[in-house]
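Working notes, structure below.
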Amino acid sequence: MNTQDIIAAVEAVHAGILANEDQIESLDRAIGDGDHFINVRRGCEAITAIKAELLTLPPAQAFSRIGMKLLSTIGGASGPLIGSFFISMGRDLEGSPEPDEKRFARALAAGVQAIKSRGKAELGEKTMLDVLIPVSRLLLRLVDEGSDRDTLCAKLKQEAEFNMLATRDMIATKGRAHFLGDRALGHIDPGAKTSQVALFAVCDLLTA
Amino acid sequence: MKKFVNDVEQLLAESLQGMAAAHGDLLSLHLDPTFVTRKQRAPSKVVLISGGGSGHEPLHCGFIGKGMLDAACPGQVFTSPTPDQMLAAALAVDRGHGVLFIVKNYAGDVMNFQMAAEMMLQPCATVLVNDDVAIERSTHGTGRRGVAGTLIVEKIVGAAAEAGASLQQCKVLGDRVNSLTASMGVAFTSCTVPAARRPTFDIADDEMEFGVGIHGEPGRRRGPVRPAQQLVEELLNAILGDLHPKPGSQVLLHVNGFGGTPLLELYLLNHCANQVLQAQGLKVARTLVGNYTTALEMAGGSLTVTLLDEELKSLWDAPVHTAALRW
């Protein structure tokens, strides 16, 4: 993986988010405060704007720069969470100029761990972690087993979809939705939805 | 929802420029990163910085000036500001006696200010305001929200900082005022985030959201609208149930409008609240009525009570000169 791949992935995620605007917005209006889509879109645009600068950096520094840029652009709770995710991935990849799949899987796990610590959240609290934690665990296992790329992407997408849908039956204990108590039941978490959309975009890019 | 907008992306910057122009004697605006400071740098003292999503005007920029805040970092509408804003603001106003962040207890605000504090080179401390009693204290979740009581923390700690209190003293005082302050509100209508174009929540003409937050987020329950006197009684029951004031205590009563309710009704709320507090044997020693912590154009309002002692009363009375609060 090189920085060109990272940028291609960011662009794919950006397109995926835009294509799912209506669903993400309506989920956030139902149990959030209506700004999730706008914030994520603003973040994607900010990364696209520094594309030329990113291309001069190795993957570790590119991730770190993306994280700092998102941290100063997105705001809200998403900013520090998504920012910490990329900054930690960058830190983990330090010294790996061309990380392979195994190396990347470990970095992704470090990024997910950073979201957990920053947000003080665990599995089952109706947040983006309900998609990211199982996907990251499965990725570690699949690269360990030497799974081919098509199978790997198909399984990751399946895992993301299943866990995104499962947030529908959860009561939120973190994030804006926790003010709703029982009233959040029956609604998919917008952060889990965006995470699933992002993962689908990257997997589709890799298997295109 | 019809709004005054040119380009929604520029709404915040244009509004801040208008505010800075309206208060050219008081405020300096910095863009990229965005923060607002006092025009005249404060004397040698601890500096107070607050911030949060926009849409709550005059909170926080309207409280910058002598006797209150030194700087504020406005985020996008209902979106927390970012750590680079806080770091730049701190660098601009720090006088070498430390920086006190005053933060409303919302996950985004807490995380962004936390990351700024981790990156700060100057000594700093944070007062977390969580006066909203609609959300019960619990070990789960983010806990109680910071709402209209934030103004009271900013005013009282601002007066102490102006009088030369140390960073540690300001931090202890801020935590104490927060623990003596409780709020709760009711909304009759939703609000519309300009970029989202649609109302944040749906609510019927005859319904109210009891215990609403300052972004139109839900509170305790949805129910039919009832007479003001009953609403005030219920709000004050929750507030006093949290504060447990001793009979005869002196209190500060703050009636806050959310942006879409006329002063006519806010003064009516004040009348009802005075009756209820007096009936409970409490003395309303100080009062503030008006739209101070708003939620865009949401109709509704909140009540805040702070238990006072002589020290807090004199800090509340100390001179303040800001865009939205001055005496």
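A short reminder: the numbers here are calculations on the coordinates, not readings from a lab. If you're wondering where the values come from, they're calculated on a predicted model, not measured in any experiment. FYI the Cβ positions are ideal-geometry reconstructions off the backbone, even for glycines, and counts take in every protein chain you see.
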Could you give the angle, 0 to 90 degrees to the nearest 10, between helix A:149-166's Cα long axis and the longest principal axis of the Cα atoms of chain A? 20 degrees
I need two numbers for the range B:152-297: Rg to one decimal and Dmax as a whole number, Cα atoms only, in Å. 16.9, 51
Helical mean residue ellipticity (222 nm; -39500 (n - 2.57) per DSSP H run of 4+; nearest 500) of chain B: -10000 deg cm²/dmol
Charge tally in the Cβ shell below 12 Å around residue B:200, where Lys, Arg are +1 and Asp, Glu are -1, residue B:200 excluded: -4
Integer Hz, Karplus 6.51/-1.76/1.60 couplings in order for the range B:3-13, x for Gly and Pro: 9, 7, 9, 9, 10, 4, 5, 9, 3, 5, 4
Working only with C-alpha atoms, what are the Rg and Dmax values of chain A, expressed in angstrom? 16.0, 49
How big is the range B:196-245 in terms of Cα radius of gyration and Dmax, in angstroms? 13.0, 43
Compute the distance in nm between two label points, each set 7 Å from the Cα along the Cα-to-Cβ direction, one at residue A:96 and one at residue A:149. 1.7 nm
What list of ³J(HN,Hα) couplings, whole Hz, do you get for the range B:310-327 from phi and the Karplus terms 6.51, -1.76, 1.60, once you set θ to phi - 60° and write x for glycine and proline? 4, 4, 5, 4, 6, 5, 5, 6, 4, x, 9, 9, 10, 4, 10, 9, 8, 7
Computed E for residue A:26/residue B:310 - FRET, C-beta separation, R0 45 angstrom, nearest 0.05: 0.25
For residue B:230 and residue B:264, calculate 0.36 nm times their separation in residues minus their Cα-Cα distance, and state this gained length in nm to one decimal. 10.5 nm
Nearest 10, in degrees from 0 to 90: the angle of helix A:78-93 to the longest Cα principal axis of chain A is 30 degrees
Ratio of alpha-carbon Rg to the 2.2 N^0.38 Å globular estimate for chain B, to two decimals, please. 0.94
A:102, B:171 arranged by Cβ crowding within 10 Å, fewest neighbours leading: A:102, B:171
The range B:8-180: relative contact order from alpha carbon pairs under 8 Å, six or more residues apart, as a whole percent, is 21 percent
Using the alpha-carbon atoms, what tilt in degrees (0 to 90, nearest 10) does helix A:59-71 show relative to the longest principal axis of chain A? 30 degrees
What is the distance in Å between the Cα centroid of the range A:58-95 and that of the range B:139-196? 30 Å
List B:63, B:35 from most exposed to least, where exposure is judged by having the fewest other Cβ atoms within 10 Å. B:63, B:35
Calculate log10 I(q)/I(0) of the range B:156-202 for q = 0.19, 0.25, 0.27 Å⁻¹, where I(q) comes from the Debye formula with a single equal point scatterer on each Cα and nothing for solvent. -0.65, -0.85, -0.95
Report the rotationally averaged projected area of the protein assembly as shown based on its alpha-carbon convex hull, in square nanometres. 23.9 nm²
Highest GNM mean-square fluctuation among B:237, B:291, B:270, for chain B with Cα springs under 10 Å, belongs to B:237
Local net charge near residue B:28, Cβ-Cβ under 9 Å (Lys/Arg +1, Asp/Glu -1): +2
Label-to-label distance, nm, for residues given as residue B:321 and residue A:52 (7 Å Cα→Cβ offset): 4.8 nm
